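Engineer: Handing you a structure now.
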Amino acid sequence: MSRPEHLAPPEIFYNEEEARKYTHNSRIIDVQMQMSERALELLLLPEDQPCYLLDIGCGSGLSGSVLDEQGHVWVGMDISTAMLDIALEREVEGDVLLTDMGQGCPFRAGAFDGAVSISALQWLCNADKKSHKPVQRLYKFFSSLYACLSRAARAVFQFYPENSEQMELVTAQAMKAGFYGGVVVDYPNSTKAKKFFLVLMTGGNVPLPKGLGTEEEMQGVSYISKREHVRQARGKSLKKSRNWILEKKERRRRQMKEVRADSKYTGRKRSGRF
């Protein structure tokens, strides 16, 4: 099966049909959510403190939904108009920007507390136009990303390297731009579950987290995940409840977005008779 980046540039490959299929496929949604949760875990953000995050290759906002659930504020950037149109249809919490990450991150210095990216970085390793030179585009991207992150911040990229040479190309340009870090591999002995995460740090070199995949970890992952989910849910409003809707509307007001006024009908479920 051909890799998507070999078929067409991302802004063409993710047309309206492909974007909708990507956003409505339950399996893709589950995988995206799991990878986003893992990336957020590798960011090592302060607990119970909202952070301002950059979602690179945000697409239709699936990964942004995970950031929302953890109480963070985010800005997304993507090159696909069709994907961003669906994000707007879904009324995602974050602001989204149409831009090519190979041209750099157009944000002020030190703006973000961290960055995540799901299934996007490998697209930069291809030359879709005569003017595209992967080494230069990767360096431009990483150097501008380094500039817009606060010091001691992290950036975590889940990506699909085609081979070891591509992985070395990506990591070399990231280190050249000033980052420390390396690649964390989850479930290295599994064909389907194996995932690569490039973990980059701005505040100095510290030991990389260990990848998931030992027999003990695989046995304990689901139980730890469930306990953590219950712990985090305590004191928080259930999704789609009246309180959850009111909190969401208040967040949107703080972002200076237009929101309908609250009423006694806010959050009330409609009768199925109509």
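Read-outs throughout are calculated quantities, based only on the coordinates presented, and are distinct from any laboratory measurement. Keep in mind that this is a model prediction, so the values were computed, not measured. A quick note on method: Cβ atoms are made from the backbone with ideal geometry, for glycine too, and the neighbour counts reach across all protein chains shown.
Engineer: Suppose the chain between I245 and E165 were pulled fully straight at 0.36 nm per residue; how much longer would it get relative to their current alpha carbon spacing? If you can, show how the numbers build up before the last one.
Structural biologist: Values: separation 80, 0.36 × 80 = 28.80 nm, distance 4.74 nm.
Going from the current span to full extension adds 24.1 nm.
Engineer: To check you understand DSSP bridge types, tell me what percent of the beta bridges within the chain (both residues inside) are antiparallel, rounded to 5. Can you show the working numbers first?
Structural biologist: Working: 13 of 32 bridges.
Rounded to the nearest five, the antiparallel share is 40 percent.
Engineer: With helices defined as uninterrupted DSSP H runs, which ones in the chain have an alpha carbon span along their own long axis of at least 24 Å and mean Kyte-Doolittle hydropathy of at least -1.0? Don't skip to the answer; put the middle values down first.
Structural biologist: Values: long enough: 26-43 (26 Å, 0.12); 215-233 (28 Å, -1.25).
Length and hydropathy pass: 26-43.
Engineer: Of A111, I56, A172, which is farthest along the charge dipole of segment 4-223 in the positive direction, counting Lys and Arg as +1 and Asp and Glu as -1 at C-beta?
Structural biologist: A172
Engineer: Past 26 Å, Cα to Cα: identify those pairs from K130/K176; K21/K195; K133/K176; K130/K195; K21/K249; K21/K194, in the order given. List each step's numbers first, then the result.
Structural biologist: Working: K130/K176 24 Å; K21/K195 22 Å; K133/K176 16 Å; K130/K195 31 Å; K21/K249 29 Å; K21/K194 24 Å.
Those over the limit are K130/K195; K21/K249.
Engineer: Counting only helical runs of four or more DSSP H residues, what would the 222 nm mean residue ellipticity of the chain come to if each run contributes -39,500 (n - 2.57) and the total is spread over all its residues?
Structural biologist: Details: 10 runs with 112 residues, N = 274.
The helix-only estimate for the chain comes to -12500 deg cm²/dmol at 222 nm.
Engineer: Between S263 and Q34, what FRET efficiency follows from the Cβ-Cβ distance if R0 is 41 Å, with the result rounded to 0.05? Don't jump to the answer; show the numbers that get you there.
Structural biologist: On the way: r = 37 Å, r/R0 = 0.91.
After rounding, the FRET efficiency stands at 0.65.
Engineer: Can you tell me which aspartates and glutamates have their Cα less than 13 Å from the Cα of K257? Leave out same-chain residues fewer than eight positions away.
Structural biologist: List returned: E91, E93, D95.
Engineer: With a cut-off of at most 16 other beta carbons within 10 Å, and DSSP calling the residue loop, which GluC sites (Glu not before Pro) in segment 1-81 qualify? Please list them. Mind dumping the intermediate values first?
Structural biologist: Numbers: sites: E5, E11, E16, E17, E18, E37, E41, E47, E69; in loops: E47.
Within segment 1-81, the qualifying GluC sites (Glu not before Pro) (loop, at most 16 other Cβ atoms within 10 Å) are E47.
Engineer: Cα extents of segment 4-223 along the three principal axes, largest first, in whole Å?
Structural biologist: Taking the Cα atoms of segment 4-223, the three principal extents are 44, 38, 36 Å.
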